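Peer 1: Pasting a structure here, questions to come.
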Amino acid sequence: MTIISNRLQDILATIQSAQQKSPFRQQVELLAVSKAQPSTAIRAAFLAGQTRFGENYLQEALNKQAELADLAIEWHFIGPIQSNKTQQIAQHFAWVHSVDRLKIAQRLNDARAELGSPLQVCLQVNISNEDSKSGATPDALLALASTISLLPHLKLRGLMAIPAPTQDIHQQIKQFKRVKDCFDALIHNGFALDTLSIGMSEDYTTAISQGATIVRIGSALFGARPSKQTH
Ligand SMILES: *Cc1c(COP(=O)(O)O)cnc(C)c1O
């Protein structure tokens, strides 16, 4: 498992150098995306110093959380949310990046009430990926942010996006800029946001150059995922 430790050090060094070159001089955090990875791989990354992990599928995450209950991991939910899963998501995660409609936000808020601390949330915005049903349209963000900020058990931190994958760096920049524009517009409207969750294994240095504060990295850290990929 030292391979995970080596990759982690490489990624952290790459993040640091991208951060130093970024015009925004922002702090950037690594979220290790562990979907489809066994809990042994998560444990190895944790022992190498990584504490934040992102999961996409609730049941898979709950199983691994039980196996890793001895570790002080900060769990982030980053997958699509069905309304019948909100109770458990609100209770088993510190962060949710994929809030894209009011009904889900309200249900997460209600389920979080019995815990002492608010759930940290990002709104997922869909700026380019026409194939994806996930994510609010940019037009819907202001109203969504306004209502969500009134929910006492959620803390609105920022935006998350999964732009359509492309190898073309100009296209990557264009897409990330669109997300950053949405983020800046919300701040301009008075929302105290500090989190821009953009960038994955293939494009995280570009995302950092456009203002990312959390990069969500799976395969570059853990290696290719087993191909079973569920939806
Ligand atoms: C799988 C996934 C990632 C990580 O993807 P990699 O290309 O393996 O780094 C990041 N964000 C979300 C929402 C994902 O589903």
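The values are calculated or read from the model by the stated rules, or taken from the named source; none is laboratory data. These figures come from a predicted structure and were not determined experimentally. Heads up, the Cβs are rebuilt from the backbone with ideal geometry, glycines too, and the neighbour counts pull from every protein chain shown. These area figures cover heavy atoms from the full protein model, side chains too; ligands, DNA and RNA do not enter into them. Shrake-Rupley method; radii C 1.70, N 1.55, O 1.52, S 1.80 Å.
Peer 1: Restricting attention to segment 31-45, report how many residues are surrounded by 21 or more Cβ atoms within 10 Å (Cβ to Cβ) and either within 13 Å of the ligand (Cβ to nearest atom) or more than 25 Å from THR206 (Cβ to Cβ) (or both).
Peer 2: Filtering segment 31-45 for residues surrounded by 21 or more Cβ atoms within 10 Å (Cβ to Cβ) gives 31-34, 37, 42, 45.
With the extra rule that they be either within 13 Å of the ligand (Cβ to nearest atom) or more than 25 Å from THR206 (Cβ to Cβ) (or both), the set shrinks to 31-34, 37, 42.
Here the count works out to 6.
Peer 1: Let me spell it out: the conditions are (1) outside any helix (DSSP H, G or I); (2) open to solvent by 60 Å² or more (accessible area, probe 1.4 Å); (3) aliphatic (A, V, I, L, M); (4) touching a residue at least 12 places away in the same chain (Cβ under 8 Å), and LEU150 meets all of them except one. Which number is the exception?
Peer 2: (4)
Peer 1: Scan segment 179-206 for residues that are over 23 Å from ALA48 (Cβ atoms) and aliphatic (A, V, I, L, M) and jot them down.
Peer 2: VAL179, ALA185, LEU186, ILE187, ALA192, LEU193, LEU196, ILE198
Peer 1: Kindly indicate the residue of segment 182-199 that is free of Cβ contacts under 8 Å to residues at least 40 places away in the same chain and of a type outside the set (A, V, I, L, M, F, W, C) and also farthest from LEU150 (Cα to Cα) among those meeting that condition.
Peer 2: GLY199
Peer 1: Here is a further query. Quick one: which strands (runs of 3 or more DSSP E) lie wholly within segment 153-221 and hold at least 1 residues that are in contact with a Pro (Cβ under 9 Å, 6 or more places away or on another chain) and more than 18 Å from ASN126 (Cα to Cα)?
Peer 2: 154-160
Peer 1: Among (1) surrounded by fewer than 17 Cβ atoms within 10 Å (Cβ to Cβ); (2) within 13 Å of the ligand (Cβ to nearest atom), which single condition is ASP184 missing?
Peer 2: Unmet condition: (2).
Peer 1: Of the residues in segment 153-179, how many are closer than 19 Å to ILE208 by Cβ, free of Cβ contacts under 8 Å to residues at least 60 places away in the same chain and within 15 Å of the chain's Cα centre (by Cα)?
Peer 2: Residues that pass the stated criteria total 7.
Peer 1: Looking only at segment 46-56, decide whether some residue is away from the ligand (no atom under 16 Å from the Cβ), part of a loop (DSSP other than H, G, I, E, B) and in contact with a helix residue (DSSP H, G or I) (Cβ under 8 Å, 6 or more places away or on another chain). Write out each step before concluding.
Peer 2: Keep residues of segment 46-56 that are away from the ligand (no atom under 16 Å from the Cβ), which gives 46-49, 51.
Now restrict to residues that are part of a loop (DSSP other than H, G, I, E, B): 48-49, 51.
Next, from what is left, pick out any that are in contact with a helix residue (DSSP H, G or I) (Cβ under 8 Å, 6 or more places away or on another chain): 48-49.
Yes, some residue in segment 46-56 is away from the ligand (no atom under 16 Å from the Cβ), part of a loop (DSSP other than H, G, I, E, B) and in contact with a helix residue (DSSP H, G or I) (Cβ under 8 Å, 6 or more places away or on another chain).
Peer 1: Continuing with the same structure: ARG101: within 14 Å of the ligand (Cβ to nearest atom) and among the charged types (D, E, K, R), yes or no? So that I can check it myself, show each step before the final result.
Peer 2: On the way: within 14 Å of the ligand (Cβ to nearest atom): no; among the charged types (D, E, K, R): yes.
Criteria not met by ARG101.
Peer 1: Just to be sure before I move on: is LEU156 open to solvent by less than 30 Å² (accessible area, probe 1.4 Å), more than 16 Å from the ligand (Cβ to nearest atom) and either closer than 18 Å to ASN56 by Cα or touching a Lys or Arg at 6+ places or on another chain (Cβ under 9 Å) (or both) in the structure I sent?
Peer 2: No: the conditions fail for LEU156.
Peer 1: Can you pull out the residues in segment 196-231 that are surrounded by fewer than 22 Cβ atoms within 10 Å (Cβ to Cβ) and away from the ligand (no atom under 14 Å from the Cβ)?
Peer 2: Passing the criteria: SER209, GLY211.
Peer 1: May I pose another question? Which members of segment 62-118 meet the condition of being in a loop (DSSP other than H, G, I, E, B), touching a helix residue (DSSP H, G or I) at 6+ places or on another chain (Cβ under 6 Å) and open to solvent by 10 Å² or more (accessible area, probe 1.4 Å)?
Peer 2: LEU71, ILE81
Peer 1: Take GLY54 and tell me if it is at pLDDT 95 or above and surrounded by 19 or more Cβ atoms within 10 Å (Cβ to Cβ).
Peer 2: Yes: the conditions hold for GLY54.
Peer 1: Considering each residue of segment 70-89, count those that are within 15 Å of the ligand (Cβ to nearest atom) and over 11 Å from ARG107 (Cβ atoms), and give that number.
Peer 2: 6
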